[in-house]
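Report on one structure; see the data block that follows.
Readers should treat all values here as calculations from the given coordinates under stated rules, not as data from a laboratory. Nothing here was measured: the structure is a model prediction, and the numbers come from that model. Cβ coordinates were reconstructed from backbone atoms using ideal geometry, including for glycine residues, and neighbour counts include every protein chain displayed.
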Amino acid sequence: MKTDTLFYELFQAAPQTFFELLQITPPCPYRFESLTVKTSEKRIDGVLEPEQAGERIYFVEVQATPDEVIYWRTLREVATFFEQRPGLRENDWQAIVLWLNIGDDPGFGTLAQLAQQPMPRLMSVDLLTLLQRLEPPSLVLNVLRPLTVENEGEVRQNITTWVQNIQNAPGIALALEERLIAVLTQLIEQKFRTLTYKELTQMIRLTPLAETISGQELLKDDRVALLSEQVQTKFGISGEVLDGIRAELQQLELVDLKALFRQILKLETLEQLEQWITEHQPTAAAQ
């Protein structure tokens, strides 16, 4: 799993962490979505939509590598979003690119006018600078702590405190707590390759990832994504049909998704695949 994917996992699990990171006070609760645009079958990685009508919509890109056209691509995603949802085009909007290494930022070029104050449409932000501005109890700071330390020794010394701060955050339910700690531990694994999840669980007495609610959700998402790619490759279906099959796959249990990996090679038609999925839906299995 790539670092940017972990950010989207964080913002989806706890949308308030996006606003905490940017030090924005939202006027209402928000929900985070990753959207597949039907006409182009391209994916918009991060959209924060207000739960109250008429409020600002935020588009977020987390960028870990150099990209000369990042701002043009972001604007294309914004334009496509409003093309697909014309009822929202009167909403205010802002697109924010979070750089893990601000030195990779190519600059706005001819789009500089969109980045002018007081309310820039485009924003380029140094993630580490944002984190340095936050106070130690901050929820988003403790989840993203691995990005602020330079060596494995600092992780070993502080990981228990980071986990406790996440657990002590106001209003954190157990399932959300598990998801955020899973993001924290995976960030550590990615940055410090010598630290394994098994060792991290021993340090902070975590439940093994596969046994947690968040771990099962992550495993299911990964398996559904891989199966969707296999279905697309084997049957050459449209994006709209694939979206429907992906939604059906999400309803299956992990054990059935694992079984389908073995079975899909034997299925010759899309109809056979749909029949297999129908027979293994939880409601069908219970009958």
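Worth a mention:
- Close Lys pairs in the chain, defined as Cα atoms under 21 Å apart and 8 or more places apart or on different chains, number 12.
- Simple spin-label estimate for Gln190 and Glu150 gives 2.2 nm between the two label positions (7 Å along the Cα-to-Cβ direction from each Cα).
- Screening the chain for whole DSSP H helices with an alpha carbon extent of at least 24 angstrom along the helix axis and a mean Kyte-Doolittle hydropathy of at least -1.0 yields 174-191, 213-235.
- Residue exposure proxy: Phe81, Phe261, ordered by other Cβ atoms within 10 angstrom of their Cβ from fewest to most, comes out as Phe261, Phe81.
- Max mean-square fluctuation residue, GNM over the chain, Cα-Cα springs under 10 Å, options Phe108, Phe235, Phe11: Phe235
- Each label was represented as a point 7 Å from its Cα along the Cα-to-Cβ direction; for Glu279 and Glu55 these points are 4.8 nm apart.
- Rounded, prolate or oblate (a/c below 1.5 giving rounded, otherwise prolate when a/b exceeds b/c) for the chain by Cα gyration tensor: oblate
- Put a plus charge on the Cβ of each Lys and Arg, a minus charge on the Cβ of each Asp and Glu, and nothing anywhere else: the dipole of the stretch 213-286 about its Cα centre is then about 280 debye.
- Over all pairs of different C-alpha atoms, the stretch 213-286 has a mean inverse distance whose reciprocal, the Kirkwood radius, equals 12.4 Å.
- FRET efficiency for the pair Lys220 and Gln113, taken as 1/(1 + (r/R0)^6) with r the Cβ-Cβ distance and R0 = 45 Å, rounds to 0.55.
- Within the chain, helix-based [θ] at 222 nm, where runs of 4 or more DSSP H residues each add -39,500 (n - 2.57), nearest 500: -15500 deg cm²/dmol
- The residues Glu90, Glu20, Glu77, when put in order of fewest to most other Cβ atoms within 10 Å, stand as Glu90, Glu20, Glu77.
- At q = 0.16, 0.22 Å⁻¹, base-10 log of I(q)/I(0) for the stretch 1-131 (Debye sum, equal scatterers on each alpha carbon): -0.82, -1.68
- Among Trp99, Trp72, a tally of other beta-carbon atoms within 10 Å of each Cβ gives an order, fewest to most, of Trp72, Trp99.
- Summing Cβ point charges (Lys, Arg +1; Asp, Glu -1) relative to the Cα centre of the chain gives a dipole of roughly 280 debye.
- Measuring r between the beta carbons of Leu75 and Phe19 and using R0 = 30 Å, the FRET efficiency lands at 0.85.
- Separation in nanometres of the label points that stand 7 Å from Cα toward Cβ, at Arg89 and Gln263: 4.5
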